[in-house]
1. Going by the conditions given, is LYS91 modelled with pLDDT of 95 or more and assigned by TED's automatic domain parsing to the domain that holds LYS48?
2. Taking into account only those residues within segment 20-43 that are under 18 Å from the mean Cα position of the chain (by Cα) and assigned to a loop (DSSP other than H, G, I, E, B), which is surrounded by the most Cβ atoms within 10 Å (Cβ to Cβ)?
3. Confirm whether VAL110 is under 21 Å from ASP34 (Cα atoms) and in a helix (DSSP H, G or I).
4. Identify all residues within segment 118-149 that are within 17 Å of ILE71 (Cα to Cα) and not small (Gly, Ala, Ser); write none if there are none.
5. Suppose we filter segment 1-19 for residues that are surrounded by fewer than 18 Cβ atoms within 10 Å (Cβ to Cβ) and either touching a strand residue (DSSP E or B) at 6+ places or on another chain (Cβ under 7 Å) or not hydroxyl-bearing (Ser, Thr, Tyr) (or both); how many remain?
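The values are calculated or read from the model by the stated rules, or taken from the named source; none is laboratory data. Everything quoted here is computed from the prediction, not taken from an experiment. Every residue, glycine as well, gets a Cβ built from its backbone with ideal geometry; the counts of neighbours run over all protein chains shown.
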Amino acid sequence: MKFTFITLFPSLINCYFKDSILKNAIDKLLIKIDFLNPRDYTKNRHKKVDGTLIGGGAGMLMSPQPLFDTITSIKEKDDNAYIIFLTPSAKLFKQNDAKRLSGKKHIVFVSGRYEGIDERVIELYADEVFSIGDYILTGGEIPSLILCDAISRNIKGVLGNADSLNIESYENTLIEAPSFTKPDIFKKNSIIKEFSKGNHGKIATLKYSLSLLKTKYYRPDLYKRVKIEGNNNEK
């Protein structure tokens, strides 16, 4: 899969792919990373890519022309490129979105800056618009990286052990159960003995119970959904 990042600061993103799993994925040609800077497409002689807000308001907004031309240059080469904008005023990105989008061949992330992006660009080009949470960042580069990482992990061959995808948090609504390593060195906070006895049926049942408890504590909204789904299945 190819990921193209439209950003004013490619260096903020590029360094993330220099190590670990995603670097290996690039080396194996499982993913390809590309960058386009709207500043290279601006027609302003001073290379400006922002403008004042119509109707007043603090700060500056990313101008439409540089983004129009940047995205057009991508579409001219690949009309099937899937354009995703990152903004706090959008639906939350979920694990199911990561799995679904891993089937795309080319995803383009548009990272906003300043006070955001001229809405006309989003209306014209967005295939989807996502938020990573109810808070504000200085730019869309981090959200773009988060989506790229989450999507890439679901591409076949990227993870060393694909089975790990099946037991992670949010795969079955619940948060993943606590995990432990050997040896058991903490006398006052010992691991659960059942985990060491090799009875996989009992371990699975125990982990599910712990997963329920952890979800109830940290994410009561998800726990409530699980209980409702369970009651519906019993009917």
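1. Details: modelled with pLDDT of 95 or more: no; assigned by TED's automatic domain parsing to the domain that holds LYS48: yes.
Considered against the rule, which asks whether it is modelled with pLDDT of 95 or more and assigned by TED's automatic domain parsing to the domain that holds LYS48, LYS91 comes out as no.
2. ILE31
3. For VAL110, the condition - under 21 Å from ASP34 (Cα atoms) and in a helix (DSSP H, G or I) - is not met.
4. Within segment 118-149, the first condition is being within 17 Å of ILE71 (Cα to Cα), and the residues that meet it are 118-129, 140-141, 144.
Result: ASP118, GLU119, ARG120, VAL121, ILE122, GLU123, LEU124, TYR125, ASP127, GLU128, VAL129, GLU141.
5. Here the count works out to 8.
Yes/no per residue for (1) over 25 Å from ASP97 (Cα atoms); (2) at pLDDT below 65:
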| site | (1), (2) |
| --- | --- |
| SER179 | yes, no |
| ASP184 | yes, yes |
| GLU194 | yes, no |
| LYS197 | yes, no |
| ARG219 | no, no |
| VAL226 | no, no |
| GLY230 | no, yes |
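Yes/no matrix, rows are residues, columns are (1) within 26 Å of ASP134 (Cα to Cα); (2) surrounded by fewer than 13 Cβ atoms within 10 Å (Cβ to Cβ); (3) at pLDDT below 90; (4) basic (Lys, Arg):
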position	(1), (2), (3), (4)
ALA58	yes, yes, yes, no
PRO64	yes, no, yes, no
LEU67	yes, no, yes, no
LYS99	yes, no, no, yes
